[in-house]
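The values are calculated or read from the model by the stated rules, or taken from the named source; none is laboratory data. Small disclaimer: the values here were computed from a predicted structure and weren't measured. Neighbour counts are summed over all protein chains in view; Cβ atoms, including those assigned to glycine, are modelled from backbone coordinates with ideal geometry.
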Amino acid sequence: QKEVEQNSGPLSVPEGAIASLNCTYSDRGSQSFFWYRQYSGKSPELIMFIYSNGDKEDGRFTAQLNKASQYVSLLIRDSQPSDSATYLCAVNIRRGGADGLTFGKGTHLIIQP
Amino acid sequence: EAQVTQNPRYLITVTGKKLTVTCSQNMNHEYMSWYRQDPGLGLRQIYYSMNVEVTDKGDVPEGYKVSRKEKRNFPLILESPSPNQTSLYFCASRKVAGRVGELFFGEGSRLTVL
């Protein structure tokens, strides 16, 4: 069973609309969840993290977490062409070792002007 | 400026020729890690280090070595590179006491093994 799953896309959204990115995870005991943005050919950049069920807002970004459904999402309001990138979901999956951050494969988002 | 620096950024080499990709951070972070990123496979962890002289395997350690003799440096060594190690490599760091996902990434090193 895959540990962190994302739809690879591409997800195409008109400029000014809301982009909705989804992620599911397998470990019910996971406690921390992260969204990274990665522009083509560049390194990932942390944009949001969430630990508690519910919504967390930061500017145009809202992260939503539902631990019962093992589901985390990222909403981008008033989408801009500069938001076009790949968005990586990362989850702290419990493992035998000390480090358990697991990345999804990413969703490619395209904002159409 | 706080940063993670990787070198080289681009490298083309041949099978079996040993190479080292260097990684250095100036944020006094205890934790450092190496990832590789391949199309369709995402980011996968190779090795990580929680502090000086402490290293551990990630998900895909085969064919790689690392060392952590100093806090700021975490080189990735390919003793005998093979074509399946052609990939985009990222070094990352964070404070151990910080959030596990609050990683700072280097700019990446694109490696091609012929």
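Observations on the model:
- Residue ID - surrounded by the most Cβ atoms within 10 Å (Cβ to Cβ), chosen from residues in the range A:1-25 that are in contact with a Gly (Cβ under 8 Å, 6 or more places away or on another chain) and in a strand (DSSP E or B): A:CYS23
- Just one of the listed residues (A:ARG77, A:ARG28) is among the basic types (Lys, Arg), away from chain B (no Cβ under 14 Å) and surrounded by 12 or more Cβ atoms within 10 Å (Cβ to Cβ), namely A:ARG77.
- Checklist (1) touching a residue at least 40 places away in the same chain (Cβ under 8 Å); (2) under 11 Å from the mean Cα position of the chain (by Cα) applied to B:GLY16, failing item: (2)
- A:LYS2 vs. criteria of a type outside the set (S, T, N, Q), closer than 26 Å to B:SER93 by Cα and modelled with pLDDT of 95 or more: no
- Taken over the range B:7-36, residues that are of a type outside the set (A, V, I, L, M, F, W, C) and crowded, with 21+ Cβ neighbours inside 10 Å amount to 6.
- The set of residues in the range B:1-49 that are hydroxyl-bearing (Ser, Thr, Tyr) and part of a loop (DSSP other than H, G, I, E, B) contains only B:THR15.
Residue by residue, here is whether (1) within 20 Å of B:GLU102 (Cβ to Cβ); (2) modelled with pLDDT of 95 or more holds:
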residue	(1), (2)
A:LEU11	no, yes
A:CYS23	yes, yes
A:SER26	no, no
A:SER30	yes, no
A:PHE49	yes, no
A:ARG60	no, yes
A:ALA63	yes, yes
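- Identity of the residue in the range B:72-99, within 14 Å of chain A (Cβ to nearest Cβ) and not in a strand (DSSP E or B), that ends up surrounded by the most Cβ atoms within 10 Å (Cβ to Cβ): B:PHE74
- Checked across the range A:82-91, the condition of being touching a Cys at 6+ places or on another chain (Cβ under 7 Å) and at pLDDT 95 or above holds for at least one residue.
- Cross-chain or 6+ apart pairs with Cβ under 8 Å, the range B:24-37 first and closer than 15 Å to B:GLY101 by Cβ and within 12 Å of chain A (Cβ to nearest Cβ), then among the hydrophobic types (A, V, I, L, M, F, W, C) and surrounded by fewer than 21 Cβ atoms within 10 Å (Cβ to Cβ): B:TYR31/B:MET50; B:TYR31/B:VAL96
Here's the yes/no breakdown for (1) part of a strand (DSSP E or B); (2) of a type in the set (S, T, N, Q); (3) more than 23 Å from B:ARG36 (Cα to Cα):
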site: A:TYR36; (1), (2), (3): yes, no, no
site: A:PHE49; (1), (2), (3): yes, no, no
site: A:ALA68; (1), (2), (3): no, no, yes
site: A:SER79; (1), (2), (3): no, yes, yes
site: A:LYS105; (1), (2), (3): no, no, no
site: A:ILE111; (1), (2), (3): yes, no, yes
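- Of the candidates B:GLU107, B:GLU102, B:GLU62, the single residue that is exposed (fewer than 12 other Cβ atoms within 10 Å of the Cβ), in a loop (DSSP other than H, G, I, E, B) and not hydrophobic (A, V, I, L, M, F, W, C) is B:GLU62.
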